[in-house]
Amino acid sequence: MHFRGVEMTETLIQEADKAFSKQVSDQVARITSELNRMEQLLSAGQVNQGVLTEFRDAVNRVRSTGWQVQNWLEGDPRDLQVLLIEERIRVTTRLAVHLTAELGASADPFVGLGSLKEAVHKLDGVLSPKA
């Protein structure tokens with residue numbers, strides 16, 4: 001009887017996994033369609049610049065995550081979380097290089113530099129080898 005219970009549990013887990021996969025796939029298809037319509041709307045140029053920036057950032061994050069998930073699904077042997085973290089490292093490195101050049105070329109004061117310095121200090125603490 002115990003074996004049958006384990007078998008039923010595994011069957012339920014597989015069914016739940018299939019249902020979740022279908023839900024995610026359906027949502028990706030729906031959003032893809034909406035993004036295609038959004039492209040047409042954006043072409044009119046009638047959008048708030050701040051909203052557009054937030055939209056583009058969100059799309060870039062989803063695109064990047066989608067790329068890493070696709071690589072994983074196509075057989076990359078590394079853990080998905082490792083791939084996602086490595087992508088964030090790549091993006092952060094690129095951003096830091098660009099920000100360094102821009103800040104170095106400007107004498108203007110910028111809002112948020114204190115928070116940035118604190119975050120970089122915390123990151124440096126994690127990156128520094130433990131003594």
Original post:
Say the dipole of segment 6-116 comes from +1 at the beta carbon of Lys and Arg and -1 at that of Asp and Glu; which of GLN14, LEU84, GLY45 then lies farthest toward its positive end?
Top reply: GLY45
Subject >> Mean residue ellipticity (222 nm) of the chain, computed from DSSP H runs ≥ 4 via -39,500 (n - 2.57), nearest 500 >> reply: -29000 deg cm²/dmol
Subject >> Pairwise FRET efficiency - LEU99 versus LYS22, Cβ, R0 = 41 Å, nearest 0.05 >> reply: 0.50
Original post:
Between VAL69 and LEU127, 0.36 nm times their residue separation minus their Cα-Cα distance comes to what?
Top reply: 18.3 nm
Subject >> Spin-label zone in segment 98-118 - amide nitrogen under 12 Å from a point set 7 Å from the Cα of THR53 along the C-beta vector >> reply: 111
Original post:
Just from the alpha-carbon atoms, what are the Rg and Dmax of segment 1-128 in angstroms?
Top reply: 21.7, 75
Original post:
If packing is taken as the mean number of other Cβ atoms within 10 Å per residue, what is the order of 64-70, 33-39, highest first?
Top reply: 64-70, 33-39
Original post:
Could you give the distance between the Cα centres of segment 1-61 and segment 73-88, to the whole Å?
Top reply: 19
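Where Lys and Arg each count +1 and Asp and Glu each count -1, what net charge lies around GLU102 among other residues with Cβ under 13 Å from its Cβ?
0
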Original post:
What accessible area per residue, rounded to a whole number of Å², is obtained for the chain using a probe radius of 1.4 Å?
Top reply: 89
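For the chain, which DSSP H helices look membrane-span-like by this rule: Cα extent along the axis of 15 Å or more and mean Kyte-Doolittle of at least 0.0?
Length and hydropathy pass: 80-104, 113-127.
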Subject >> Nitroxide proxy distance, nm - points 7 Å out along Cα→Cβ at PHE110 and THR11 >> reply: 6.0
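The values are calculated or read from the model by the stated rules, or taken from the named source; none is laboratory data. As the structure is a computational prediction, the values presented were derived from the model and not from experiment. When we count neighbours, we look across all protein chains shown, and the Cβ atoms used for this are built from the backbone with ideal geometry, even at glycine. Side chains are part of the model used for accessible areas, which takes the heavy atoms of the whole protein and leaves out ligands, DNA and RNA. Shrake-Rupley method; radii C 1.70, N 1.55, O 1.52, S 1.80 Å.
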